[in-house]
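Peer 1: Can you read through this structure? Questions will come right after.
The values are calculated or read from the model by the stated rules, or taken from the named source; none is laboratory data. A quick note: this is a predicted structure, and the numbers were derived from the prediction, not measured. Glycine gets a Cβ as well: all are built from the backbone with ideal geometry, and neighbour counts include every protein chain shown. To get the accessible areas, we keep the full protein, side chains included, count just its heavy atoms, and leave off ligands, DNA and RNA. Shrake-Rupley method; radii C 1.70, N 1.55, O 1.52, S 1.80 Å.
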There are 2 protein chains.
Amino acid sequence: MARPVVVGESEDRLIGWLRRREGRAGKPSPIGDDAAFLPPGGPWAITVDSQIEGVHFPSGLDPALVARRLLSVNLSDLAACGARPAWAFLALAAPPGFDARRLFSSLARACRTAGVTLAGGDLARNPERLVASLTLLGNRPVGGRWLRRSAARVGDRLYVGGTLGESALGQRLLTRGAAMDIRRRVFLPGDLVIPNALVPAAHRAIRRHLAPRAQLALGVALGRERRAAALDVSDGLARDLHRLCAESRVGALIEESALPLAPRFAELSRAVGEEPLALALGGGEDYVLLFTLPPRKAPPRDFPNAEIGRITPGPAVRINQGGVSRELLPLGWDHLE
Amino acid sequence: MARPVVVGESEDRLIGWLRRREGRAGKPSPIGDDAAFLPPGGPWAITVDSQIEGVHFPSGLDPALVARRLLSVNLSDLAACGARPAWAFLALAAPPGFDARRLFSSLARACRTAGVTLAGGDLARNPERLVASLTLLGNRPVGGRWLRRSAARVGDRLYVGGTLGESALGQRLLTRGAAMDIRRRVFLPGDLVIPNALVPAAHRAIRRHLAPRAQLALGVALGRERRAAALDVSDGLARDLHRLCAESRVGALIEESALPLAPRFAELSRAVGEEPLALALGGGEDYVLLFTLPPRKAPPRDFPNAEIGRITPGPAVRINQGGVSRELLPLGWDHLE
């Protein structure tokens, strides 16, 4: 969900190809994981991510909410490498009449809250829809290491920094007509029939989707560990776990029963005709960190971490479902059973 | 032309407002001129610029040409502050079926030629048209200064690094159906009636528009001067000269007869129903440097510089046309007589 691919070409393949190309040029490649490190291995992390109207968020969403979401999604990439965010640059392509000042203003405010300076912007006309790209620069904290996807070793324990699938469930509700305003008030569609007891869960899911929070503090804490691999779950646990395993040349075994789910998430999913496990494994846009630590190493405290499995000899990535283990394919929710 | 504005909001106004906002926050602002300097005043220059299909370049242009143009336009921003380009990040939003690999491949090659490493990219789906944003980082050369728009003083001489209006003329020809392929072969529309002797000038104009060259070496040379103000002419000489004067709190007087024009540019302009002076003053996308130097200071050698006037007490910006001086308004070509 998070990063729709151009027909016939996935971002993974394109980035891999680019990395090989640049590698051939003989220079050390700064192309990293969720961000690039500049100079290669150096103290700056840079990431670029876009939000496109009708693709990443519903058409007509308040520009102030678009701005916050754009920042959060980019912050999550910096969280995944253990960086502290510092500077932001916006490239905005918007249709005539779009309230660019509202977006800039909200972005500047959200940046300030996150300790980021909005340092520049480019404004252009895109007739049909809003396309907003943010470039974010972060620093490596003093005494910290960059988190890489390639640091996992056989025997490591596998964790996620929060619940899975909730954002994707919120996205389904938005597709059915739910909405949220700038004060985070949620409006459920009139024709949505769910038990009253599930309404708070529905509100939370929609907020989670439209206003995700990047796990920056967790990333910085992991950067203080001697060895931790990490990335942020943006395209669904299955796909992102495969990425981590591929970079580390290992496999993994996760436990279905250990996957952290939000309160009443499973009930609400079924009430709206969705399979909770499919959302949790493939829904995407969770923006929690997926990370590994050596065995007997406790994860950073004060975060809602859950241990979901362990690293195995590669390359298979498997899931244990009530004693039966099967292969977990690197697929989005719509391809999973 | 270069930076179409969202209705009711110009980029100048938005950047000015953003700078004031950030200024209030009490921290030194990195918001610079053509780029931001990070940390404020520090050794990195960063710029972001977008190219949008059907807005900045004709629909259906070869993705390889789009890539080169995108890079050149961004390099020109770095040239304007005297930076050496180092790293690039692409955010691409493209319709289904778009040949992203061709664009990436051409961009990586053009980057390498310019000494730039393409260090990352983001790929997303935009149903209607290509939106490509590039973030470019550059270094301050050893012993060099950042060029600023604010460094002009009364009495300084005013120069441009090359001819004016040619790119805008090329754009007009493209609008009428001209085209160019990846080998820079130009095809003029069958219904275009111009004297044969003007055909080479038409080819040059189209190449100039689709494949501009950033004046990086000139920017670096100017950065070695004790005092030089500069920016790149992207939105037309009139508009960009006003920007330079506003930042330096001065005025200017330019000589119509001193404006450098490409061979047979005036003749070709008239042959296709355009006013050469309007194109030269307001056409935009020239991507030459507009700069000032103290009097009796020769401009860097080996560049096609032309002295076009001098800095006067502000705030009026004037043009001398055959002995008659009139005010030059900060308008694009379509607003000029």
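Peer 1: Rounded to the nearest Å, what's the spacing between the alpha carbon centres of the stretch A:262-337 and the stretch A:53-112? Just the number, please.
Peer 2: 28
Peer 1: Among residues other than B:P263 whose Cβ falls under 15 Å from its Cβ, what is the net charge (Lys/Arg +1, Asp/Glu -1)? All intermediate terms of the calculation are to be shown ahead of the outcome.
Peer 2: Details: positive: B:R204, B:R207, B:R208, B:R264, B:R270; negative: B:E166, B:E267.
With Lys, Arg at +1 and Asp, Glu at -1, the net is +3.
Peer 1: Give me the Kirkwood hydrodynamic radius of the stretch A:179-238 in Å, from all C-alpha pairs, to one decimal place? All intermediate terms of the calculation are to be shown ahead of the outcome.
Peer 2: Working: mean 1/r = 0.0689 Å⁻¹.
This gives a value of 14.5 Å.
Peer 1: Please list B:V142, B:V193, A:V66 from largest to smallest accessible area, probe radius 1.4 Å, with all protein chains kept in place. Mind showing how you got there, number by number?
Peer 2: Details: B:V142 155, B:V193 130, A:V66 0 Å².
Largest accessible area first, the list is B:V142, B:V193, A:V66.
Peer 1: Next question, about the same structure. If you filter the stretch A:102-169 for trypsin sites (Lys or Arg not before Pro), then keep DSSP loop positions with at most 16 other Cβ within 10 Å, what is left? Could you put the intermediate results ahead of the total?
Peer 2: Values: sites: A:R102, A:R109, A:R112, A:R125, A:R129, A:R145, A:R148, A:R149, A:R153, A:R157; in loops: A:R129, A:R145, A:R153.
For trypsin sites (Lys or Arg not before Pro) across the stretch A:102-169 that sit outside H, G, I, E and B with at most 16 neighbouring Cβ atoms in 10 Å, the list reads A:R153.
Peer 1: Give the ranking of B:H203, A:H209 by solvent-accessible surface, highest area first, calculated with a 1.4 Å probe.
Peer 2: Working: B:H203 45, A:H209 5 Å².
The ordering from most to least exposed comes out as B:H203, A:H209.
Peer 1: Which whole-number percent of Cα pairs in the stretch B:124-214 have a distance greater than 16 Å?
Peer 2: It works out to 71 percent of all Cα pairs.
Peer 1: Given the protein assembly as shown reduced to its alpha-carbon atoms as identical point scatterers, what log10 I(q)/I(0) does the Debye formula return at q = 0.07, 0.09, 0.11 Å⁻¹?
Peer 2: So the normalised log intensities work out to -0.49, -0.77, -1.08.
Peer 1: Across every pair of different alpha-carbon atoms, what Kirkwood hydrodynamic radius in Å does the stretch B:252-337 reach?
Peer 2: On the way: mean 1/r = 0.0696 Å⁻¹.
It works out to 14.4 Å.
Peer 1: From the mean inverse distance of alpha carbon pairs (Kirkwood) and the Cα radius of gyration, derive Rg over Rh for chain A. Spell out each step's value before the answer.
Peer 2: Numbers: Rg = 19.5 Å, Rh = 20.4 Å.
Reported Rg/Rh (Cα atoms, Kirkwood Rh): 0.96.
Peer 1: Are there trypsin sites (Lys or Arg not before Pro) in the stretch A:234-337 that DSSP marks as loop and that have at most 15 other Cβ atoms within 10 Å, and which are they?
Peer 2: On the way: sites: A:R239, A:R243, A:R249, A:R264, A:R270, A:R296, A:K297, A:R301, A:R310, A:R318, A:R326; in loops: A:R249, A:R264, A:R296, A:K297, A:R301.
Answer in residue order: A:R249, A:R296, A:K297, A:R301.
Peer 1: Averaged over B:49-60, how many beta carbons belonging to a partner chain fall within 10 Å of each residue's beta carbon?
Peer 2: Shielding by partners across B:49-60 averages 3.
Peer 1: For the stretch B:76-180, what log10 I(q)/I(0) values come out of the Debye formula at q = 0.09, 0.21 1/Å, with one point per alpha carbon and no solvent?
Peer 2: Debye intensities relative to I(0), on a log10 scale: -0.38, -1.17.
Peer 1: Using alpha carbon coordinates only, what is the Rg to Rh ratio of the stretch A:185-320, with Rh defined as the Kirkwood radius?
Peer 2: On the way: Rg = 16.5 Å, Rh = 16.4 Å.
My calculation puts Rg/Rh at 1.01.
Peer 1: Which whole number gives the average count of other chain Cβ atoms within 10 Å of the Cβ atoms across peptide A:36-46?
Peer 2: Working: counts 7, 1, 8, 4, 3, 0, 0, 0, 4, 0, 7.
Across A:36-46, the average partner-chain Cβ count within 10 Å equals 3.
Peer 1: Let me ask another. For label points placed 7 Å from Cα toward Cβ, what is the shortest-first list of nm distances from B:L192 to its copies?
Peer 2: Here B:L192 shows inter-copy label distances of 5.5 nm.
Peer 1: When only Cα pairs under 8 Å and 6 or more residues apart are kept, what is the percent relative contact order across chain A? Before the final figure, lay out each step's value.
Peer 2: Values: 749 pairs, mean separation 74.1, N = 337.
Once divided by the residue count of chain A, the mean separation gives 22 percent.
Peer 1: What net charge do the residues around B:A91 carry, taking every other residue with its C-beta under 9 Å from that of B:A91, with Lys and Arg at +1 and Asp and Glu at -1? Don't jump to the answer; show the numbers that get you there.
Peer 2: Values: positive: none; negative: A:D49, B:D122.
Net of charged neighbours comes to -2.
Peer 1: Shielding by partners for A:89-101, please: the mean number of other protein chain Cβ atoms within 10 Å of each residue's Cβ.
Peer 2: Values: counts 11, 4, 9, 6, 12, 3, 2, 5, 4, 4, 3, 7, 7.
Shielding by partners across A:89-101 averages 6.
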